[in-house]
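For reference, the structure is listed below as structure tokens.
The values are calculated or read from the model by the stated rules, or taken from the named source; none is laboratory data. For clarity, every value in this text was computed on a predicted model and none was experimentally measured. Neighbour counts run over all protein chains shown; Cβ positions are idealised from the backbone, glycine included.
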Amino acid sequence: MAARRTWMDPRLAIGIVLVLASLTGVWLVVQQSTRTEAVWSATRTLLPGETIAEGDVEQTPVRMPQTRERYLEGSTDPVGLVVAAAVGEGEAVPRRAVGQAASADRAAVVIDVDGALPRAVRAGTLVDVWTAAPTQEGFAPPEVLVDDAIVVGVLEDEGLLASAEAQLELLVPLDQTAPLLEAMSNEHALSVVPLAQPVGQAP
């Protein structure tokens, strides 16, 4: 008597393959989510323009996707790096928040701003600087003079003879520093518009 030939239903085979693929995917996701990376985190709030010293950061094991691409790895020596964007205490230090030298692409400039500052403007805020040139009738329509300046500090006169102006210390892109200084020397009216909240400092 001839043996009966059995055939596997193709749909069953496809189903088995899909189940195995699903299980493999889940296993990979679990492995990825439990893998830790050592990154540098701030032990205090780091402000733009500061140079990182020993004790300002510490290594912290974290579980994050794409840690190496986004954050400063534990194998990198952070001492001597310059802060370009504010990092809150306890936060992992993003790669884009530090650089090799403050003078490499930005210059520190103190400006007088007409009128009250927006409440969102504080150390670490990104701002656009707007300027209005003086005319015989008053001032010309304002226009953006500096993009993405970083606020290092805010100084407002709170004395009895306080003026309507506030002073801001900014880190300004080098290619926009000369036009800003020229506008200041020509007594242009300057204003700032905040673009982003400081890191770890919600209003």
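Residues in the range 23-57 that are hydroxyl-bearing (Ser, Thr, Tyr), outside any loop (DSSP other than H, G, I, E, B), surrounded by 10 or more Cβ atoms within 10 Å (Cβ to Cβ) and at pLDDT below 80: Thr24, Ser33.
Among residues that are modelled with pLDDT of 90 or more and not in a helix (DSSP H, G or I), Ser163 is not included. Any residue at all in the range 82-96 that is over 19 Å from the mean Cα position of the chain (by Cα) and modelled with pLDDT of 85 or more? Checked the range 82-96: no residue is over 19 Å from the mean Cα position of the chain (by Cα) and modelled with pLDDT of 85 or more.
Taking each residue of the range 16-43 that is charged (D, E, K, R) and looking for partners that are at pLDDT below 80 and part of a helix (DSSP H, G or I) with beta-carbon atoms closer than 7 Å, six or more apart or interchain, yields Glu37/Thr67; Glu37/Arg68.
One residue alone among Val144, Val172 is surrounded by 15 or more Cβ atoms within 10 Å (Cβ to Cβ), in a strand (DSSP E or B) and modelled with pLDDT of 80 or more, and that residue is Val172. I'm trying to understand the selection: among the residues of the range 105-141, which are closer than 11 Å to Ala84 by Cα and exposed (fewer than 15 other Cβ atoms within 10 Å of the Cβ)? Asp105 - this is the single residue of the range 105-141 that is closer than 11 Å to Ala84 by Cα and exposed (fewer than 15 other Cβ atoms within 10 Å of the Cβ).
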